[in-house]
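A short worksheet on the structure shown next.
The values are calculated or read from the model by the stated rules, or taken from the named source; none is laboratory data. Values in this document were obtained by computation on a predicted structure and should not be read as measured data. Note that we place each Cβ from the backbone using ideal geometry, even for glycine, and neighbour counts take in every protein chain shown.
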Amino acid sequence: MACCFRSIWLQALALVGVGAAIGLADSMIRPVMIQRPPPPPLATAAGATGTQAPAADPPVKPAPTPPGTTVKPPDGAPAVPPPAGEVLTADLVAKGHITVAQALGLYGEQAYFIDARRQEEYEAGHVAGSFRVTLAAFSGKTPPIVGGLPRDGKVVVYCVGGNCDESEAVAKQMNLMGFVNVYVMHAGFPGWKDAGHPVETGPGVQEEGH
Amino acid sequence: MTRVSDATTTPGAGRRACGPCNALGIVCVPLRLALGGLFVMAAYNKLFIPNGPQLFSTSIEAFKIFDPQTQGRLIQIGTFVMPWIELLAGLAVVLGVFTRAAALVLGSLLVFFIGLIASALLRGLNVKCGCFGSFSPFCPEQLGMCNIHQDAAMLLAAVAIMATTRHACALERLRRRTIEA
């Protein structure tokens, strides 16, 4: 019986060894992107007041607000202070994370906003004019919404902030597709909403099937 | 119970040692197909669909076990090594080659996954499982207790396969019969 168990352990070790060897070789042949390249730094540190000069040929948002959605205007306030306590570490800034105030600056420049949250969260409220594209939409294909955006356009991805890594993951996928100006709004939708910036509810524009 | 020594020294005893499967060996066939098939599907989604490895590496990162800045190479290796082990062990369980050893490997992986999921839940991480690549056949996408229950059920199946000495419809039985003949 002891002999039998020994042979099972040996066979199991052999299986793991062969799998590990093939996997190791595969990891050398097909590398994956672990850290995404940082986007170019924004012109101003705060960027909240929309003082950045608009791009010469700003991308035009292709998606008008669909019928049935309600848009809440920002009450005419051009600049809203960022949420209290929203301070980004140098590490986060180097990874392309931005504050809500900086995101508002990009919003004024007609940047594309990508919502990486679940459908019910998106429909309950999202950044006005944003598209919903989750990480799952990148599985095995190019999400049509993302495929239709200009690769040199500015993109802001967000989820729920805090421990949510979905926006960082979607940003990485967009980098892999050739987008170079992809930022992550660190405070996510709660930070945007709390700051009183434009939000809308309803189905909006979403990647189908995810 | 026929001992191995009997089987090798007594004429005709070899056939008894590898005789008809017991009930558990037959019951284990659907279990083997289900467990091995799930692992093969999971590995296929992680390795062979376009963007699969990239999405799986993102899942590994989200568990915050490794620091991407200093341990990126480990994430890279884990992205490929884990699914290849799953694929080989899953195929072995389905085909019935080194069945008990392959079930031991799958069982060990499941214990590791349960620990990993529990750790992520205790740390309050808001992550997706990534267990079957980008698909989640039994549980919601977001990691939760359902994933632990799912892995525990699969672990029970792995233990049952490990505990079965004679598996029906297994290639290893064919090999034994050929040797005996």
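Values computed for the structure shown
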item: First in the stretch B:141-152 and in contact (Cβ under 8 Å) with a residue 12 or more places away in the chain, second anywhere and surrounded by fewer than 17 Cβ atoms within 10 Å (Cβ to Cβ) and in a helix (DSSP H, G or I), Cβ under 9 Å, 6 or more apart; result: B:L143/B:L121; B:G144/B:L121; B:M145/B:L121; B:N147/B:L121; B:I148/B:A118; B:I148/B:L121; B:D151/B:V111
item: Residue in the stretch A:157-165 that is in contact (Cβ under 8 Å) with a residue 12 or more places away in the chain and acidic (D, E) present; result: no
item: Residue in the stretch A:141-153 that is out of contact with any His (no Cβ under 7 Å at 6 or more places or on another chain), facing chain B (nearest Cβ under 10 Å) and either of a type in the set (S, T, N, Q) or within 23 Å of B:P140 (Cβ to Cβ) (or both) present; result: yes
item: Set B:A43, B:A34: member being buried (at least 24 other Cβ atoms within 10 Å of the Cβ), of a type in the set (G, A, S) and in a helix (DSSP H, G or I); result: B:A43
item: In the stretch B:46-57, the residues that are crowded, with 18+ Cβ neighbours inside 10 Å and facing chain A (nearest Cβ under 9 Å); result: B:L47, B:N51, B:G52, B:P53, B:Q54, B:L55, B:F56, B:S57
item: Answer residue from the stretch A:159-172, given it is more than 7 Å from chain B (Cβ to nearest Cβ) and not in a loop (DSSP other than H, G, I, E, B) and is surrounded by the fewest Cβ atoms within 10 Å (Cβ to Cβ) among those; result: A:E168
item: Leading residue by the ranking (nearest to B:Q69 (Cα to Cα)) among those in the stretch A:103-143 that are surrounded by fewer than 24 Cβ atoms within 10 Å (Cβ to Cβ) and among the polar types (S, T, N, Q); result: A:S139
item: Looking only at the stretch B:86-101, and only at residues there that are facing another protein chain (nearest Cβ under 10 Å) and either free of Cβ contacts under 8 Å to residues at least 40 places away in the same chain or outside any helix (DSSP H, G or I) (or both), the one that is nearest to B:I161 (Cα to Cα); result: B:A101
item: Sole exception among (1) at pLDDT 90 or above; (2) crowded, with 18+ Cβ neighbours inside 10 Å for B:F132, by number; result: (1)
item: Residue list for the stretch A:92-128, filter: of a type in the set (F, W, Y) and out of contact with any Pro (no Cβ under 8 Å at 6 or more places or on another chain); result: A:F113, A:Y122
item: Qualifying residues in the stretch B:102-125 (those that are farther than 27 Å from A:F5 by Cβ, of a type in the set (G, A, S) and in a helix (DSSP H, G or I)) - the one nearest to the other protein chains (Cβ to nearest Cβ); result: B:A120
item: Odd one out for A:V156 among (1) crowded, with 22+ Cβ neighbours inside 10 Å; (2) part of a loop (DSSP other than H, G, I, E, B); (3) of a type outside the set (F, W, Y); result: (2)
item: Number of the exception - A:K172 against (1) in contact with a Lys or Arg (Cβ under 6 Å, 6 or more places away or on another chain); (2) farther than 18 Å from A:P37 by Cβ; (3) of a type in the set (D, E, K, R); result: (2)
item: Odd one out for A:A55 among (1) modelled with pLDDT of 85 or more; (2) more than 14 Å from chain B (Cβ to nearest Cβ); result: (1)
item: Per-region count, the stretch A:14-31, residues facing another protein chain (nearest Cβ under 7 Å) and either in contact (Cβ under 8 Å) with a residue 12 or more places away in the chain or touching a Phe, Trp or Tyr at 6+ places or on another chain (Cβ under 9 Å) (or both); result: 10
item: Test result for B:F98, among the hydrophobic types (A, V, I, L, M, F, W, C) and either closer than 27 Å to B:P50 by Cβ or surrounded by fewer than 22 Cβ atoms within 10 Å (Cβ to Cβ) (or both); result: no
item: Within the stretch A:174-196, tally of residues that are assigned to a helix (DSSP H, G or I) and on the phi > 0 side of the Ramachandran plot; result: 1
item: Selection from the stretch B:58-79 of residues that are surrounded by fewer than 16 Cβ atoms within 10 Å (Cβ to Cβ), in contact (Cβ under 8 Å) with a residue 40 or more places away in the chain and in a helix (DSSP H, G or I); result: none
item: Failed item in (1) surrounded by fewer than 20 Cβ atoms within 10 Å (Cβ to Cβ); (2) away from every other protein chain (no Cβ under 11 Å); (3) at pLDDT 90 or above, with A:A43 passing the rest; result: (3)
item: Flag if A:V127 is over 30 Å from B:P53 (Cα atoms) and at pLDDT 90 or above; result: yes
